[in-house]
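So the structure is just underneath, and the comments pick up after that.
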Amino acid sequence: MRILITGGAGFIGSHLCDYFIARGDEVIALDNFITGSPDNIVHLKNHPRFHFIRQDVSDYIRVEGYIDAILHFASPASPVSYIAYPIQTLKVGALGTHKALGLAKAKGARFLLASTSEVYGEPLVHPQREDYWGNVNPNGPRSVYDEAKRFAEAMTMAYHRAHNVDTRIVRIFNTYGPRNALDDGRVVPNLIGQAIRGEPLTVHGDGAQTRSFCYVSDLVEGIARLLASNETLPCNIGNPNELSIRTFAEKINALTQNPAGIVYRPRPVDDPSRRCPDISKARRLLNWEPRVGLEEGLAKTIAYFADRMKRK
Ligand code: NAD
Ligand code: UDP
């Protein structure tokens, strides 16, 4: 296949590039580096089946030749980044999705949207199933991301219904692993960075809020299976192992033997209290479930960050 990956120099995008290159496909990554980094794809630079386009996905996209699939992953993704880039986040979710869908229509390509568990907002249903419509603040600080992604889902379904574009929507839950940006404020890289430096870990609020963390290789496998499936309605991909942020911080301190403990900081506005995917749909339709346990995934991620911090 010849695959275009927008946001291909980001954390997840670069792992998708690796996956499809390893499978024998041709990959065109497109990125403007607003939150991603050339470091994430430097190893692919001279690969004969890898190409890179540096541009904003919200501008007109020109690609010569055929494209079989477009994976639309461009968007700031951490609360710190999307609150720092509110207009860019709204634009990439709206205009960028429009451009990427327009290209899919022109090329007759399959289109897969990276949506998010944030479309469920502060969920009133646990665990979150795809048929839950969510509880979202439409104008709070996180709305720039949540509403952009909800708009992107609506735009994707409109292109599917009105133009018969062959579309897929993956709702990604918290994912972690190597190439997570150390400085984007997400809890996994933030706490691991603090632990390696021997600092106390910053836990927001009392740390009773929950998340469930999926290792990136599991996510990528789920995305590849969804892309190959016939399912056009949204599909959750994530790890249903739910734990509190306080428990998570204690785990990081134990794994890194960090004696500095935990400090408590104010909770960000509209920080969801509980989040856990119901993955019965992915299990049923894709025969997919996560394989990498938290301790195993964290060990790999800690080793990656320790090495990177030593080299910088
Ligand atoms: P990331 O910030 O590492 O990657 C996003 C990439 O998109 C970056 O390389 C960035 O430079 C690029 N980008 C942003 N705006 C762009 C634009 N206008 N034009 C071109 N490139 C642009 O984040 P990530 O964690 O890899 O997230 C990738 C996708 O997955 C995002 O769409 C995000 O919303 C979604 N997602 C991620 C998670 C997660 O836990 N990591 C959870 C839910 C959804
Ligand atoms: N969090 C924390 N300390 C940090 C960074 C984040 O306690 O240094 C909390 C954050 O408030 C949220 C959870 O960890 O409750 C996950 O945050 P993240 O930014 O990774 O993404 P989110 O799941 O909120 O999109």
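The values are calculated or read from the model by the stated rules, or taken from the named source; none is laboratory data. Source: prediction; values computed, not measured. Heads up, the Cβs are rebuilt from the backbone with ideal geometry, glycines too, and the neighbour counts pull from every protein chain shown.
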* **Residues located in the range 150-178, provided they are under 15 Å from A106 (Cα atoms) and either in contact (Cβ under 8 Å) with a residue 40 or more places away in the chain or assigned to a helix (DSSP H, G or I) (or both)** => T156, Y159, H160, A162, H163, V165, D166, T167
* Of the numbered conditions (1) within 19 Å of the chain's Cα centre (by Cα); (2) more than 11 Å from ligand 1 (Cβ to nearest atom); (3) buried (at least 23 other Cβ atoms within 10 Å of the Cβ), A114 fails exactly one; give the number of that condition. => (2)
* Does any residue of the range 219-231 turn out to be under 28 Å from L124 (Cα atoms) and more than 15 Å from ligand 1 (Cβ to nearest atom)? -> yes
* Residue list for the range 50-70, filter: in contact with a Phe, Trp or Tyr (Cβ under 9 Å, 6 or more places away or on another chain) and more than 11 Å from ligand 1 (Cβ to nearest atom) -> A69, I70
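Conditions (1) surrounded by fewer than 21 Cβ atoms within 10 Å (Cβ to Cβ); (2) closer than 30 Å to I21 by Cα, marked per residue:
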{"residue": "A195", "(1), (2)": "no, no"}
{"residue": "N230", "(1), (2)": "yes, yes"}
{"residue": "I252", "(1), (2)": "no, no"}
{"residue": "A260", "(1), (2)": "yes, no"}
{"residue": "R284", "(1), (2)": "yes, yes"}
{"residue": "V292", "(1), (2)": "yes, yes"}
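For (1) under 21 Å from the mean Cα position of the chain (by Cα); (2) at pLDDT 95 or above; (3) among the aromatic types (F, W, Y), each residue gets a yes or a no:
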position	(1), (2), (3)
R265	no, yes, no
P268	yes, yes, no
S273	yes, yes, no
P277	yes, yes, no
S280	yes, yes, no
W288	yes, yes, yes
R291	yes, yes, no
L294	yes, yes, no
K300	yes, yes, no
* Residue ID - farthest from ligand 1 (Cβ to nearest atom), chosen from residues in the range 71-107 that are outside any helix (DSSP H, G or I) and small (G, A, S) -> S78
